[in-house]
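> I am attaching a structure below and will ask some questions about it afterwards.
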Amino acid sequence: MLTVGLTGGIGAGKSEVSRLLASYGAVIIDADRIAREVVEPGTEGHAAVVAEFGDAVLLPDGALNRPALGRVVFNDPERLAALNAIVHPLVAARSAELQEAAGEHAVVVHDVPLLTENGLAPRYDVVVVVDASPTTQLDRLVRLRGMPQDEARSRMAAQATRAERLAVADHVIDNEGPLEALEPRVREVWEQLRKRA
């Protein structure tokens with residue numbers, strides 16, 4: 001089994017790279033998806049988040065109001081750390097279960113947005129960073145996701161710098177250009193991962 005940590009700044013195109021790798025046969029373990037699962041109503045994570053942040057972060061049906069929670073934590077490092085202390089251990093435990101189930105010859109790609117920030121690079125055999133300039137990231141967040149510019153800048157500022165991400169990379173996938181230019185670069189990295197596996 002080859003374990004791969006896949007990361008990139010918000011708006012860099014990591015989700016598209018993850019989708020392509022899955023189409024080639026990689027087993028994807030998506031930390032964001034798991035992070036949503038571990039705080040669904042009725043879970044230990046949900047109860048802990050409500051205990052920490054109160055009912056103001058809930059929707060009428062009891063699910064987490066993610067935009068409201070985001071507004072609380074993204075501009076307050078202490079509150080963000082409190083949320084991470086709840087969610088990260090639960091995500092790590094579920095990720096380990098999924099990896100164990102993947103099979104010994106699998107290329108297991110852990111899609112981890114905060115890999116650099118949380119010092120997780122040493123956990124993986126290989127780290128792949130999807131890279132785009134801050135200007136490109138900001139443009140995609142505002143133009144494609146409809147995010148207000150100040151919110152986009154705030155979210156980008158809460159993440160590792162481009163230089164910090166590149167410093168932990170074994171492979172860098174440049175995603176400055178159009179979508180059609182991305183596939184050949186991802187395929188090239190995939191071939192290298194398969195050989196190593």
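> For the range 24-61, how many residues meet the condition of being more than 30 Å from Val189 (Cα to Cα), open to solvent by 20 Å² or more (accessible area, probe 1.4 Å) and not aliphatic (A, V, I, L, M)? Spell out the reasoning first.
Of the residues in the range 24-61, the ones more than 30 Å from Val189 (Cα to Cα) are 38-61.
Within this subset, residues satisfying the condition of being open to solvent by 20 Å² or more (accessible area, probe 1.4 Å) are 38, 40-44, 46-48, 50-56, 58-61.
In the following step, the residues that additionally are not aliphatic (A, V, I, L, M) were identified as 40-44, 46, 52-55, 60-61.
Qualifying residue count for the region: 12.
> Only one of Val172, Val189, Val142 is within 17 Å of the chain's Cα centre (by Cα) and β-branched (Val, Ile, Thr); which?
Values: Val189 fails: within 17 Å of the chain's Cα centre (by Cα); Val142 fails: within 17 Å of the chain's Cα centre (by Cα).
Testing whether each residue is within 17 Å of the chain's Cα centre (by Cα) and β-branched (Val, Ile, Thr) leaves just Val172.
> At least 1 residues that are of a type in the set (Lys, Arg) in each: list the helices (runs of 4 or more DSSP H) lying fully within the range 1-71 that qualify.
Result: 14-24, 31-37.
> Out of Leu21, Leu2, I need the residue that is open to solvent by less than 20 Å² (accessible area, probe 1.4 Å), under 28 Å from Ala132 (Cα atoms) and over 17 Å from the mean Cα position of the chain (by Cα). Which one?
Working: Leu21 fails: over 17 Å from the mean Cα position of the chain (by Cα).
It is Leu2.
> If I ask for residues that are under 20 Å from Arg66 (Cβ atoms) and open to solvent by 40 Å² or more (accessible area, probe 1.4 Å), which ones from the range 131-148 would you list?
Answer for the range 131-148, where residues must be under 20 Å from Arg66 (Cβ atoms) and open to solvent by 40 Å² or more (accessible area, probe 1.4 Å): Val142, Leu144, Arg145, Gly146, Pro148.
> Here is a list: Ala160, Ala152, Ala169. Which entry is part of a loop (DSSP other than H, G, I, E, B) and open to solvent by less than 20 Å² (accessible area, probe 1.4 Å)?
Details: Ala152 fails: part of a loop (DSSP other than H, G, I, E, B); Ala169 fails: open to solvent by less than 20 Å² (accessible area, probe 1.4 Å).
Result of the check over Ala160, Ala152, Ala169: Ala160.
> I need the full set of residues from the range 174-197 which are under 10 Å from Leu21 (Cα atoms), open to solvent by less than 30 Å² (accessible area, probe 1.4 Å) and not aromatic (Phe, Trp, Tyr), in order please. Break it down stepwise before answering.
At the first step, the residues of the range 174-197 found to be under 10 Å from Leu21 (Cα atoms) are 183, 186-187, 189-190.
Okay, now just the ones that are also open to solvent by less than 30 Å² (accessible area, probe 1.4 Å), so 186, 189-190.
Scanning the range 174-197 gives Val186, Val189.
> Could you look through the range 100-116, keep only residues that are buried (at least 16 other Cβ atoms within 10 Å of the Cβ) and of a type outside the set (A, V, I, L, M, F, W, C), and pick out the one that is farthest from Gln137 (Cα to Cα)?
His110
> Related question: Counting only residues that are part of a loop (DSSP other than H, G, I, E, B) and closer than 22 Å to Ala35 by Cβ, how many does the range 108-143 have?
The first filter runs over the range 108-143 and keeps only residues part of a loop (DSSP other than H, G, I, E, B), leaving 112-120, 124-125, 132-133.
In the following step, the residues that additionally are closer than 22 Å to Ala35 by Cβ were identified as 112-120, 124.
Residues in the range 108-143 being part of a loop (DSSP other than H, G, I, E, B) and closer than 22 Å to Ala35 by Cβ: 10 in total.
The values are calculated or read from the model by the stated rules, or taken from the named source; none is laboratory data. Because the structure is a prediction, the values reported are computed rather than measured. Note that each Cβ is placed from the backbone with ideal geometry, even for glycine, and that neighbours are counted across all protein chains shown. Heads up: the accessible areas ignore ligands, DNA and RNA and are worked out on the full protein's heavy atoms, side chains in. Shrake-Rupley method; radii C 1.70, N 1.55, O 1.52, S 1.80 Å.
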